[in-house]
Amino acid sequence: MVTELGHFALILAFMVAIVQVVVPLVGAHKRWPGWMAVAEPAANAQFLLTAFSFAALVWAFVTSDFSLRLVVLNSHSAKPMIYKISGTWGNHEGSMLLWVLIVTLFGAMAAWFGGNLPPTLKARVLAVQSAIAVAFFAFILFTSNPFLRLAVPPFDGQDLNPLLQDPGLALHPPFLYLGYVGLSMAFSFAVAALIEGRVDAAWGRWVRPWTLAAWVFLTIGIALGSWWAYYELGWGGFWFWDPVENASFMPWLLAAALLHSAIVVEKREALKSWTILLAILAFGFSLIGTFIVRSGLLTSVHAFANDPERGVFILMILAFFTGGALILFAARAQAMEAKGVFGMVSRESALVLNNILLAVSCFVVFVGTLWPVVAEMFFDRKLSVGPPFFNAAFSPFMVALGLALPLGSMLPWKRGRLGRVAWSLRYVFLLCVAAALLIWVMQTGRSALGPVGVFLGAWITAGAAMDLWGRTGRGGSFARLMRLPRADWGKAVAHTGLGVTMFAVAGLTAWQVEDIRVAQIDEPFEVGSFTLTLEDVRRGEGPNYLTTMGIVNLQKNGRDLAVLTPEKRNYPVARMPTTEASIDYRIMRDVYVVIGDRQDNGGWTIRTYIKPFANWIWAGCILMALGGTLSLSDRRFRVAAGARKAPTGGVPAE
């Protein structure tokens, strides 16, 4: 009964969404307040109905309702409760219901917190957001219905993909979707502004909080996915330039560019056209990511679906919204004339450089991701574009971004002097160069990657600190520093996070140690400065899997550090093996151990990695997300806060 109600609520939400598209748009065009007012209750009703539908699907998974086809394909009665719940979105149909739930959530939030928006703009924003929901409601109901019943329910289900039975991946999709779908709000604001034919400083202030929230969620989602790949897949990497990894990374790059571009619109009423275009492209790349994950165009361990027919439907959605918005953008180009002018050396120019580097790096990732498909379709050649291409093509743009960041963030608006800013950072620069040279001398190899990472990390972090201190004015004090707006602190923390991540990625890549060998029971072996001993290999049983577990003692200089327990698991229901790495986490390094198959001589294959600064990668991501959250908590950057000043009483001065 509950699932039937969930299905009915989904259909009803679809109908409400159609009303929310048509009535407010007509009302805004005709200036009919009553028709425009329909948008708010419709947005609330749409969200509540979709939330009920999603809750009904969760209930079906929790109670193991095997009369539902989706539960049979993605659950099992012996599965732990957390994975029964996450199984709701650990599949194509359920994840699309989560997607549309988040679309309606953002629409409802725009209704709740958009009190300061002009009525016509608010009505159009909610109508465009609902149009996106209509498209995905149709996609779910006509091609991916999660509420399909089976005439003869089986006794038990087929279990969830074992790779998805992990706490990190249980949280990864919701955060990622909050980022993906959150960019739909920036898209809705952009299209609504194009319909109205007006983009001004107030619009820039309104669109920034939504973009910032989406960017924060996307950062957390990507970090969770990277961490999961690091410890779950068993190959020891944090990023493999997988097509689905790239699908989330491209919108993140464009969202970062959009954040900085919207600042220029708000502060100087410049870069209007470019900011609108970025808002369209950022959500467009979110849709491209959805297409890649669900069409079967590119294969990946992360992919949800492999159905070309569904892929065509998503491609139609992508073409309609992105293509339609770009046509409207071209038609309204004359309405976005920039008012603010600025010199070649200024904060505005630095932000333009920031945008160019981020946009071009996104284009590089896009080309590398889709080039194998293009080569096969048009040139009949099978190509593989892997990490060597991305590392060589993408890294220079990030290095340039890191070099420019401290200088650009300290330049004044409108017109500045680069020499003056550079002179104020001279000691920071010399200190960073000295640190890089010290690392160059100390390291055993002669790769430049480690020293470059040290320089960039220190340069960005120290530059952020200098920028923050410079905002306290001449003779700055700690008390003034504490009174700075949260947005200033957020900017410094986010930039510091980027510096930490850059340093950690470079350091790990340059200095990691890898060892693969056949280890015998109770025979110690050396890896780097550590001694490892395979003491035993045991077989056991988990809630829904069988395991072969190694017992590895980790020592350094004769002192016991940890007992590591790498596993090889086999899930009988899913008929799929997985590898569970065992990691000794420390601040400065990780020791990462994976057990393989038993060999003919009685030994076991053991793969060991020493990974310096691995945890710093995710610490940097946390700092970036924290910086975005701090900025979002600043009252000046809440939804429409301060964009329209309330009239004050009193007699005007003569």
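Just so you know, all these numbers are worked out from the coordinates, no wet-lab data involved. This one's a predicted model, so the numbers in the text were calculated from it and none came from an experiment. All Cβ positions, even for glycine, are placed from backbone atoms using ideal geometry, and neighbour counts span all protein chains on display.
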Under 5 Å, built H, 5+ apart or other chain: amide partners of D159: N74, S75, H76
Net charge of Cβ neighbours under 10 Å - reference F525; Lys, Arg +1; Asp, Glu -1: -2
For segment 556-570, 3J(HN,Hα) per residue [Karplus equation, 6.51 cos²θ - 1.76 cosθ + 1.60, θ = phi - 60°, Hz, x = Gly/Pro]: 9, 6, x, 9, 5, 10, 6, 10, 9, 10, x, 10, 10, 9, 10
Summed side-chain charge close to F147 - residues other than F147 whose Cβ falls under 15 Å, Lys, Arg +1, Asp, Glu -1: -1
Derived scalar couplings ³J(HN,Hα) [segment 387-396; Karplus, 6.51 cos²θ - 1.76 cosθ + 1.60; whole Hz; x for Gly, Pro]: x, x, 5, 5, 4, 6, 8, 8, 4, x
Added length on full extension, which subtracts the Cα-Cα distance from 0.36 nm per residue, M81 to N570: 174.1 nm
Gap separating the Cα centres of segment 322-399 and segment 1-44, nearest whole Å: 36 Å
Sequence-distant residues sharing a close amide H with W413 (under 5 Å, placed H): R347
Residue order, fewest to most beta carbons within 10 Å, for K79, K382: K382, K79
Convex hull per residue volume in Å³, alpha carbons only, for the chain: 200 Å³
Segment D584-V62, length gained on full extension (0.36 nm per residue, minus Cα span): 184.5 nm
Separation of the A319 and A375 label points, Cα + 7 Å toward Cβ, nm: 2.7 nm
3J(HN,Hα) from dihedral phi, segment 47-56, Karplus parametrisation 6.51/-1.76/1.60, rounded to Hz, x for glycine, proline: 5, 5, 5, 5, 5, 5, 4, 5, 4, 5
Value of relative contact order over the chain, rounded to a whole percent, pairs C-alpha under 8 Å and six or more apart: 12 percent
Set of aspartates and glutamates with alpha-carbon distance to K414 below 16 Å, sequence-local pairs under 8 removed: E266, E269, E348
Spherically averaged projected area in nm², based on the convex hull that wraps the Cα atoms of segment 313-415: 9.8 nm²
Extension gain from A404 to F478, taking 0.36 nm per residue of separation minus the Cα-Cα distance: 23.9 nm
Relative contact order %, segment 1-165, counting alpha carbon pairs below 8 Å whose residues are six or more apart: 36 percent
Label point distance in nm, V2-A55, each placed 7 Å from Cα along Cα→Cβ: 1.0 nm
Cα→Cβ-extended label distance, 7 Å offset, between R539 and F366, nm: 5.3 nm
Charge dipole (debye, nearest 20) of the chain; +1 at Cβ of Lys and Arg, -1 at Cβ of Asp and Glu: 2860 debye
Cα-based convex hull, segment 513-614, per residue volume (Å³, whole number): 106 Å³
